[in-house]
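Each value in this text was obtained by applying a stated rule to the coordinates, not by laboratory testing. A quick note: this is a predicted structure, and the numbers were derived from the prediction, not measured. Here Cβ is always computed from backbone atoms with ideal geometry, including for glycine, and neighbour counts include all displayed protein chains.
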Amino acid sequence: MANIVVDAKGLNCPMPIVKTAQAIKALASGQTVEVLATDAGSVKDFAAWSKTTGNELVEQTKDGGVFRFVLRKK
Amino acid sequence: MTLAEAPVVVATEPAPAPAAAEPPTQQGIAIICYSGELEKTWAAMILASTSASLGLPTKVFVTFWGLQTFVKSGKRITGQNWMQKMLAMMSRPGIKHRKMSKMNFLGMGPWMMFKLAKQYGVSSPAELLEVAQMMGVEFVPCQMTMDMFGLTRDDLIEGMGEPVGAATYLSYVAEGAAPIFI
């Protein structure tokens, strides 16, 4: 169970990333955020964001048109 | 004395070891927001907010037509002399009054763009600017543009940095920030 959930469904680039970056600020190192997004570009974007920021992408699933990402704060 | 006659300098002490290359001190992104057109303003705001989201120190140097975007929304006429005032009259300042470079059609183009943006969940330039400022992006106005257009700091939106010149922007780049010109 993630510590915080970001519902970015219906939001387009770059808002899923921006909202996640804002949300993760409130977390402590090791805590996780779950992101729900419908933006198809977010699959590549979250991989890139994870690589650049060092926050680990621990889980990635797709349910219908909704992408779900779980990221752990560095 | 010709060059050939110049005395040969003999080093009496070993030359100091060359200093190790200094790591860049100013990593991150340095955007120049030059255009005042709607699409380019949009692109600049997307990149600024995303760059901050990636944790990169982000500065936006706002110059020429780009500075019109950063005039407070309530301001209609800016400038000190008639030419400056006329320029402001011909192109209404403020982030909510950007025109498209093509297909503006007296505002029909932007109206459709905003309608489509809403439909597809795309945040407006004004919303992205707010987010970028909240996330610590530094917007720095160009002093020369302010002088030329007769803009005062009071004309510009809250939270902008001290006005600077081209040298300050280039120093960001020289110190390692990646430049982006929009």
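What are the residues in the range B:39-74 that are more than 14 Å from chain A (Cβ to nearest Cβ), hydroxyl-bearing (Ser, Thr, Tyr) and either in a helix (DSSP H, G or I) or within 13 Å of the chain's Cα centre (by Cα) (or both), if any? Full working, then the answer.
Quick first cut of the range B:39-74, residues more than 14 Å from chain A (Cβ to nearest Cβ) only: B:39-41, B:59-74.
Of the ones still in play, those that are also hydroxyl-bearing (Ser, Thr, Tyr) are B:41, B:63, B:69, B:73.
Listed by number, the residues that qualify are B:41, B:63, B:69.
Within the range B:142-158, track down each residue that is surrounded by 13 or more Cβ atoms within 10 Å (Cβ to Cβ) and out of contact with any Leu (no Cβ under 6 Å at 6 or more places or on another chain).
Here is the first cut: in the range B:142-158, the ones surrounded by 13 or more Cβ atoms within 10 Å (Cβ to Cβ) are B:142-146, B:148-151, B:155-157.
Those that are surrounded by 13 or more Cβ atoms within 10 Å (Cβ to Cβ) and out of contact with any Leu (no Cβ under 6 Å at 6 or more places or on another chain): B:142, B:143, B:144, B:146, B:148, B:149, B:150, B:151, B:155, B:156, B:157.
Which residue out of B:100, B:90, B:108, B:45 is crowded, with 20+ Cβ neighbours inside 10 Å, out of contact with any strand residue (DSSP E or B) (no Cβ under 7 Å at 6 or more places or on another chain) and over 19 Å from residue B:144 (Cβ atoms)? First the steps, then the outcome.
Numbers: B:100 fails: crowded, with 20+ Cβ neighbours inside 10 Å; B:90 fails: crowded, with 20+ Cβ neighbours inside 10 Å; B:108 fails: crowded, with 20+ Cβ neighbours inside 10 Å.
Of the residues listed, the single one that is crowded, with 20+ Cβ neighbours inside 10 Å, out of contact with any strand residue (DSSP E or B) (no Cβ under 7 Å at 6 or more places or on another chain) and over 19 Å from residue B:144 (Cβ atoms) is B:45.
Looking only at the range A:1-21, count every residue that is more than 9 Å from every other protein chain (Cβ to nearest Cβ) and out of contact with any helix residue (DSSP H, G or I) (no Cβ under 8 Å at 6 or more places or on another chain) and tell me the total.
Here the count works out to 5.
For residue A:56, are the conditions met, namely being touching a Leu at 6+ places or on another chain (Cβ under 7 Å) and either more than 9 Å from chain B (Cβ to nearest Cβ) or buried (at least 18 other Cβ atoms within 10 Å of the Cβ) (or both)? I'd like the intermediate steps shown before the answer.
On the way: touching a Leu at 6+ places or on another chain (Cβ under 7 Å): yes; either more than 9 Å from chain B (Cβ to nearest Cβ) or buried (at least 18 other Cβ atoms within 10 Å of the Cβ) (or both): yes.
Yes; evaluated as a whole, the condition is true for this residue.
Going through the range B:75-96 one residue at a time, which ones are more than 29 Å from residue B:135 (Cα to Cα) and part of a helix (DSSP H, G or I)?
Scanning the range B:75-96 gives B:82, B:83, B:84, B:85, B:86, B:87, B:88, B:89, B:90.
I'd like to know if the range B:64-79 contains one or more residues that are in contact with a Phe, Trp or Tyr (Cβ under 6 Å, 6 or more places away or on another chain) and surrounded by fewer than 17 Cβ atoms within 10 Å (Cβ to Cβ).
Yes, because at least one residue in the range B:64-79 is in contact with a Phe, Trp or Tyr (Cβ under 6 Å, 6 or more places away or on another chain) and surrounded by fewer than 17 Cβ atoms within 10 Å (Cβ to Cβ).
Among (1) in contact with a Lys or Arg (Cβ under 8 Å, 6 or more places away or on another chain); (2) within 13 Å of chain B (Cβ to nearest Cβ); (3) surrounded by 15 or more Cβ atoms within 10 Å (Cβ to Cβ), there is one condition residue A:27 misses while meeting the rest; what is its number?
It fails just one condition, (2).
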